[in-house]
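Any read-out appearing in this document is the output of simple, stated calculations on the displayed coordinates, not a laboratory observation. Note that the structure is predicted; figures quoted are calculated from it, not measured. Note that each Cβ is placed from the backbone with ideal geometry, even for glycine, and that neighbours are counted across all protein chains shown.
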Amino acid sequence: SRCYSVIGRVCNPILSLADEAEGPQEHKNRLKAEAYAMRAFFEYAAAQKYARVYNPATADAEMCVPIVPESWDIQIPTTQSTQKEVYAQILSDLDNAISLDALPEVAINRMRFCAAMPYAVKAHVLMSIHDYDGAALAASEALKRGDVINDYADYLVDDMSTYGCPITKFVPVTPLNLEENYFASSAQINYNIIMPSSDKMFEDGSYMKDNLITTLLSGRGSYFPGDLVSDSLEILKRNETNYGVPYNVTSDLESTHNQTGIKTTHMYLILAECAINKGRIDEAMGYLDKIRVKRIAPAHYRPLLGNVTTKTDAIAALKKTVHGEYCYSIWNFITCKRWTILDDYKETRTRELLGKTYTLTPESDMWVFPFPVTVISQNPNIKNNYTTK
């Protein structure tokens, strides 16, 4: 509903009425370019959640989500389109935004689209439809319009835990102030359970793993100030009482994070994956190191370039960097879902929870979310895009 609210209440009215409005054409073109790019972005986001992963072999028959153009009559119920049709519309909107060449290099604020955004969205979209050459080109074009990667070490703050133990917190405050964000959606990361399997996927020395404000960090010294290992175990037991599971929990009330938006680092991750697929391992590791050197504590940082030489190891390094960079955002889901049909990348995921083991295979229908009941009950044209009863 949030995706289509933006499409129907913001993008389409602008595209329908901008040319008829008074004012300079330059201003109209900027608004139209932003509306095209924003409509493409939110159509893409909806497709990632509610449709199967894009498969070129079945895209012309596999159903996806509705396309809602500015010409749509709101009194007529929408219908679903095929994957091929939806992605063609998304790319058409992005090309329209790019051809207008009207977006500013630096947006009014990071909640608005800048000149890099149509290219950045296009890079993600082309990765989804397996056009890796096109994705790499789009990512490079985005980086020409902004390539800052903020050093997370600049946002470390020495403090004391609630119980008087020295701690170092990662406090970025707001993604609206980080130059690396082409577009930012500010969201608080609070009371999110961190699964042990997810925690293990971070690199050692990751600021997002070691310094994000969590119950283990803020509560350090609660029980055994002189024995932090035993102290952590007791805090996790307390979490089991409070949250139902003995796991670490985020408790960051000081900052917000970019949960939905796109960053410069996304483009380097895309370039790295494209380079790996071409067998250019050194090039790929160089892209990953550009990110990692600003995300990993110096005591733990070890360059990948020159140390990773095989495709298998390169993919493993990419996955770790992707996990660290996309954590607490929609992009981890989108990327892991995209990998489910790629032989070199797909994997079966398992999770231990309260004594039970849960398994998610690459073929599982669980990668596809059901449409909201309210949507299906009001529109008989909409059918869920999975077969499991």
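For the reader, a short list of remarks on this structure follows.
- Cut-off under 5 Å, modelled amide H: who pairs with Y182 long-range: I262, K263, T264
- Evaluated with a Cβ-only charge set (Lys, Arg +1; Asp, Glu -1), the chain carries a dipole of roughly 720 debye about its Cα centre, given to the nearest 20.
- Report note on the peptides 379-387, 281-289, 115-123, 102-110: ranked by the mean count of other C-beta atoms within 10 Å, highest first, their order is 115-123, 281-289, 102-110, 379-387.
- Considering only T309, V293, T256, the residue lying farthest towards the positive end of the dipole of region 230-337 is T309, judged by Cα position with unit charges set on Cβ.
- Between helix 228-243 and the chain there is an angle of about 50 degrees, using the helix long axis and the longest principal axis of the Cα atoms.
- Ranking of V6, V86 by count of other Cβ atoms within 10 Å, fewest first: V6, V86
- Helix 117-128 axis, angle to the chain major axis (alpha carbon atoms, nearest 10°): 80
- Straight Cα distances below 16 angstrom link K320 to the aspartates and glutamates D199, E203, D204, D210, E273, D289, D344, E347, with same-chain residues fewer than 8 positions distant left out.
- Cα lying deepest toward the dipole's positive end in the chain, options A59, N385, H124, charges on Cβ: N385
- Principal-axis tilt of helix 281-292 within the chain, Cα atoms, nearest 10 degrees: 70
- Cβ-Cβ FRET estimate between N381 and T357, R0 fixed at 51 Å, reported to 0.05: 0.85
- Relative contact order %, the chain, counting alpha carbon pairs below 8 Å whose residues are six or more apart: 16
- Oblate is the label for region 2-147, because the ratio a/c of its alpha-carbon gyration tensor axes (a ≥ b ≥ c) is 1.5 or higher and a/b is not greater than b/c.
- Applying a threshold of 29 Å to the alpha-carbon distances of K209/K263; K294/K356; K32/K209; K346/K383; K169/K337 flags K294/K356; K32/K209; K169/K337 as lying beyond it.
- Cα-based shape type of region 148-343, given that a ≥ b ≥ c are square roots of the gyration tensor eigenvalues and the cut on a/c is 1.5: prolate
- Region 340-389: C-alpha gyration tensor shape, a/c 1.5 cut-off, then a/b vs b/c: oblate
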